[in-house]
Amino acid sequence: MNSLKQLTFHRRELHKIPELDRDLPKTKTYIRTILNTLDCKVFDVTGGICAYFDRGSENTTAFRADMDALPIKEINSHDFVSIHEGNMHACGHDGHMAMVLSLAQYVDREKELPCNVLCIFQPSEETTGGAKNICETGVLKKYNVTKIFGVHLWPFLDFGQIGSKTGPIMAKSSEINIEIFGKASHATKPENGIDALLICCEYIHKVYEAKANIDYLNDSADESTIIRFGHMESGTARNVISNHSLLQGTIRAFSEEKFMSMIRILKCTASDFSEKTNCRITFDYNEGYPPVINNDELYKKVLPEIKKNLKYMELDAPAMTSDDYSFYGLNIPSVFFFLGTGTNIDLHSNNFDFDESILVQGLELYKILLHTD
């Protein structure tokens, strides 16, 4: 079977059986069935599957694929649509798995390699960060993994275009929750209440204003940040001053320093409003995923061969989206790449799709990375 047929077969079989988070029985069975035919050590690791190919080297190179899908109802009409109603591979993870599975089959045939190989099939990228759990098992240290690579399908690059950059390539993300506790009163006597709805609206305005005031200090795209609110609830009746508002949003940044500057804006603004209006404001956020930061030395080492053999573009700016692949980079040198589908269909869309022939480019990229010592 040639590479395109093999990649297409894997992608379509996996596309039909999308599963969520860590509940991936059919997906893992399919992957394990393929890996068990190869001359490698196959083992489970905290909800994921690893395949280790020993080539007698001191060092191991790892490649990562994420396995989980999304709770999205697919509207595509091809003959390999999801058979799991309400679930869909709408972020390209079926393609990611197909590339790493095909790489494993290639490695099985190539007995002379400059390194050992560890293929990592990871759960819960979309939810709780399965990469962090895998790193915490010590599997990277056990197999002396000295570098790791990953690829993400990217609708906003030209078809077959590979893109990356040194330094930050994807953002740190965090979910924020703000609650404002005021005092209810009848709308005809607002002076008797503390209007949590009005405070909430003014809070949003002040936060955005403070954010805009510091944006001009950012010298490059790598210093860009986002604070944005997407959900608000407040009040109980049209003629009653609201005594409670809930505000939810997101923060994105490419460094911990910039991230914490956003946190300070949110907290200081909340403190100012509490003091000024006598309301009570609570604020919390989750740690989310760290930024994905490409290792400069490793990136520069692999770049010449990539440019020589593939359609490559140096990215001008990192993406504001996030990925738990970042946890690998906290442990070992890591580089992440985007592979263009050329469709401009947003990730997580119910019509997400791509031409499988681009996966050949991804597989060729992995082969180059494998042979670049």
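Just from its helices, what would the mean residue ellipticity at 222 nm be for the chain, if runs of 4 or more DSSP H residues each count -39500 (n - 2.57) and the sum is divided by every residue, rounded to the nearest 500 deg cm²/dmol?
So the helix-based figure for the chain works out to -10500 deg cm²/dmol.
Please build a GNM for the chain, connecting alpha carbons under 10 Å apart, and tell me which residue among Lys258, Lys142, Lys28 fluctuates the most.
Between Lys258, Lys142, Lys28, it is Lys142 that shows the largest mean-square fluctuation.
I want to verify a result. In a Gaussian network model of the chain, Cα cutoff 10 Å, which of these has the top mean-square fluctuation: Ser234, Ser349, Ser173?
Ser234
List residues of region 331-373, by number, whose backbone nitrogen lies under 14 Å from a label position 7 Å along Cα→C-beta of Phe80.
353-360
What order do you get for 123-135, 275-287, 41-53 when each peptide is scored by the mean count of other beta carbon atoms within 10 Å, highest first?
Details: 123-135: 21.7, 275-287: 14.2, 41-53: 18.5.
The packing order, highest mean first, is 123-135, 41-53, 275-287.
With a sphere of radius 14 Å drawn around the Cβ of Cys268, what net charge do the other residues whose Cβ falls strictly inside it have (Lys, Arg +1; Asp, Glu -1)?
So the surrounding residues net to +2.
Take the Cα pairs of region 236-315, get the Kirkwood Rh, then feed it into Stokes-Einstein at 20 °C and 1.002 mPa s and tell me D in µm²/s.
On the way: Rh = 17.3 Å.
Once the numbers are plugged in, D ends up at 124 µm²/s.
On a full-extension model of 0.36 nm per residue, what is the gain between Lys41 and Glu112, subtracting their alpha-carbon distance, rounded to one decimal in nm?
Contour length minus the Cα-Cα distance gives 23.8 nm.
May I ask which residue of Tyr216, Ile204, Thr236 lies farthest towards the positive end of the charge dipole of region 189-245, with charges of +1 (Lys, Arg) and -1 (Asp, Glu) on Cβ and the Cα centre as origin?
Towards the positive end, the residue furthest out is Thr236.
Between Ala237 and Tyr216, take the C-beta separation as r, use R0 = 30 Å, and let me know the FRET efficiency to the nearest 0.05. All intermediate terms of the calculation are to be shown ahead of the outcome.
Details: r = 43 Å, r/R0 = 1.42.
Between Ala237 and Tyr216 the formula returns 0.10.
Residue by residue, what Karplus-based ³J(HN,Hα) values in Hz, rounded to whole numbers, does region 167-180 have, using 6.51, -1.76 and 1.60 with θ = phi - 60° and x for Gly and Pro?
My calculation for region 167-180 gives x, x, 10, 9, 8, 6, 10, 8, 8, 10, 10, 10, 10, 10 Hz in order.
According to the square roots a ≥ b ≥ c of the eigenvalues of the Cα gyration tensor, what is the shape class of region 77-198, taking rounded for a/c under 1.5, prolate for a/b larger than b/c otherwise, and oblate for the remainder?
Prolate shape, in that a/c is at least 1.5 and a/b is the bigger ratio.
Enter the Cα centre distance for the pair region 246-282 and region 32-47, rounded to the nearest angstrom.
Between the Cα centres of region 246-282 and region 32-47 lies a distance of 46 Å.
Less than 24 Å apart at the alpha-carbon level, and either on another chain or at least 8 residues along: which lysines does that give for Lys206?
Lys172, Lys183, Lys258, Lys267, Lys276
Between Lys183 and Asp272, what is the label-to-label distance in nm when each label sits 7 Å out along the Cα-to-Cβ direction?
2.4 nm
Between Leu217, Leu310, Leu330, which gets the highest mean-square fluctuation from a Gaussian network model of the chain, Cα cutoff 10 Å?
Fluctuation is largest for Leu217.
Note down the magnitude of the dipole of the chain about its Cα centre, charges +1 on Lys and Arg C-beta and -1 on Asp and Glu C-beta and zero elsewhere, to the nearest 20 debye.
My answer is approximately 280 debye.
Every read-out reported here was derived from the displayed coordinates using simple, explicitly stated rules and does not represent laboratory data. Bear in mind the structure is a predicted one, so any value in this text is a computation, not a measurement. Here the Cβ is made from the backbone with ideal geometry for all residues, glycine too, and neighbour counts use every protein chain on show.
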